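Have a look at the structure below before the remarks.
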Amino acid sequence: MQDLGIGLLFDHIRDAIVVADVESDRIVLLNRVAEDLFGYSAEEAIGQPVTLLMPERYKAVHLAGMRHFRETGHGRLIDSNRALELPGRHQSGREFYLELSLSPIPSRIGKRRFVLAVIRDVTERKNAELALAEQKELLERLITHMPAAIAFLDRDLTYRWNNPAHSRLIGLPAERILGRRVEAVLGEGARTVVPLLKRVLESDEPFHAQALPIRLGDGAVTTHWDLSYVPIRDASGTQLGILSLASEATERVAVERLQRQRIEELQHLSTLKDQFLSVLSHELRTPIQCVTGFGSLLDDEVAGPLNAEQHAFIKKILGASDVLIGLVNDMLDMSSIRAGKFLVEPSPVPASPLIAGAVEAYRAPATEKQLRLSWDVPADLPCLWADSKRVAQVIGKLVDNAIKFTPAGGSVAVRARAGKKWLVLSIADSGIGITPEQHALLFQPFTQVDMSSTRSVGGIGLGLSISKAIVEAHHGRIGVRSIPGKGSLFWVALPLSPPGSC
């Protein structure tokens, strides 16, 4: 070391210092920082080949470089006066990144030549750069393969970057897009998007649109895009340009247009159906009333005496007429509901007699089917604010349904209780019950729990939908709870009359 005239000054330098003899390519000096960096003490390293400090894969390149330097006095790294980043090798075998600068050192004694290596550990910085590069590569791969069309435009509205999906959306290769302004790329479509892009730059706020019509090229073709323009700034806050994200919506627009047309057609057909049902119901009502009227006259023996069998036949005729009248009335109600002409006329109504009377009307059908029909209706219930005829209609339909769907030997129980603002009426049966999947269909017109051709219960499935309309016209609510095979409970909440009004 005295030969070099360096002394102990190297130990006070913050960088790692390694000095090698050019002829032998062996280490002649290692300062303390280098000892810590490579894991070798000076005693262990001095006299060892320089390749001790590098990974195996770099040794051949190093040896060739040193041989060239010995022969010519020149080396690519030494002559460049630049630092080089490459891996180093710790005594443990662990690799790390270092920054290396080489300088030739002539000896003051004899012809010996030395090379001074100034080394810095840049592992942390290099790892951060590699991680950033990996993230950038991953982001570029993601953007490249994303189905959304993505592009970046600078503040002059010139395309600077785009992904393949954007080229497909525009219908041009990247080389005919990048470096060109929006007007040159989109043609007629620029009339639509340029004002939007300028607004984003001026307001520094994103813009989003669904199914925006765009006329590409010469305007002969109109496409639709779902579009977002987002202003982009750098870390200092300087506005760089706009990120464009778009996707093709033309097919969806066509499907939605077709769906709207079909909906309009279905609505028209539904209107025709409602009109037909209304006309049919009105036309049926007169002959049915005629049958009922003359049947009653015959039953009263106005035209002469009848025997027991004849009276029984007429009773069946009158019963069938009543069923038909009920169906006709239901269809007329449904027509009014669908036309938005269904009205109720609420007034203060004593609740107890209204409910009891509506339930009592079904005692005979329940008895005939061997069902236990009971009701728990306190006599002191407050008044309802309701249309008494329509509420009785709801109670009748719910009780009738319970009787229809409850097997012989079962029970139907009606219960009413009043709160502060509402009266809650429930009709519980021990019938067949309703599955959760059927709940959503219950209150739809022309729907029953069993709609098969072998169903045993009559009706056209209007009762619950009419009941729902009546209850909601009173600003009330209707619902159901049920367990298949164990029965159902339908409940209705109706408003009470204001205190002192009844």
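The values are calculated or read from the model by the stated rules, or taken from the named source; none is laboratory data. This one's a predicted model, so the numbers in the text were calculated from it and none came from an experiment. Reconstructed Cβ throughout: ideal geometry from the backbone, glycine too, with neighbour counts over all protein chains shown.
The single residue among Leu130, Leu77 that is over 15 Å from Ala34 (Cβ atoms), assigned to a helix (DSSP H, G or I), of a type in the set (A, V, I, L, M) and without any contact (Cβ under 8 Å) to a residue 24 or more places away in the chain turns out to be Leu130.
When Ala246, Ala211 are checked against the criterion of being closer than 17 Å to Ala151 by Cβ and of a type in the set (A, V, I, L, M), Ala246 stands alone in meeting it. The C-beta contact set for region 53-70 (first residue in contact (Cβ under 8 Å) with a residue 40 or more places away in the chain, second residue surrounded by 11 or more Cβ atoms within 10 Å (Cβ to Cβ) and in a helix (DSSP H, G or I), distance under 8 angstrom, 6+ apart or interchain) comprises Met66/Val50; Phe69/Ile78. Taking region 273-331 only, how many residues are exposed (fewer than 14 other Cβ atoms within 10 Å of the Cβ), of a type outside the set (Ser, Thr, Tyr), at pLDDT below 85 and within 30 Å of Thr447 (Cα to Cα)? So the count comes out to 9.
Of the residues Ala235, Ala211, which single one is surrounded by fewer than 18 Cβ atoms within 10 Å (Cβ to Cβ), among the aliphatic types (A, V, I, L, M) and part of a loop (DSSP other than H, G, I, E, B)? Answer to the selection: Ala235. How many residues does region 84-115 contain that are hydrophobic (A, V, I, L, M, F, W, C) and either outside the structural domain of Arg26 (by TED's automatic domain parsing) or under 18 Å from Asn127 (Cβ atoms) (or both)? Within region 84-115, residues that are hydrophobic (A, V, I, L, M, F, W, C) and either outside the structural domain of Arg26 (by TED's automatic domain parsing) or under 18 Å from Asn127 (Cβ atoms) (or both) number 5.
Residues being surrounded by fewer than 19 Cβ atoms within 10 Å (Cβ to Cβ), under 49 Å from the mean Cα position of the chain (by Cα) and in the same structural domain as Ser270 (by TED's automatic domain parsing) are entirely absent from region 368-386. Test Arg125 against the stated conditions and say whether it is exposed (fewer than 13 other Cβ atoms within 10 Å of the Cβ) and without any contact (Cβ under 8 Å) to a residue 40 or more places away in the chain. No: the conditions fail for Arg125. Taking region 407-445 as the range and being part of a loop (DSSP other than H, G, I, E, B) and among the basic types (Lys, Arg) as the test, the residues that pass are Lys420, Lys421.
Please determine, by comparing only the residues of region 366-406 that are part of a loop (DSSP other than H, G, I, E, B) and aliphatic (A, V, I, L, M), which one is farthest from Cys502 (Cα to Cα).
Among them, the one singled out is Leu371.
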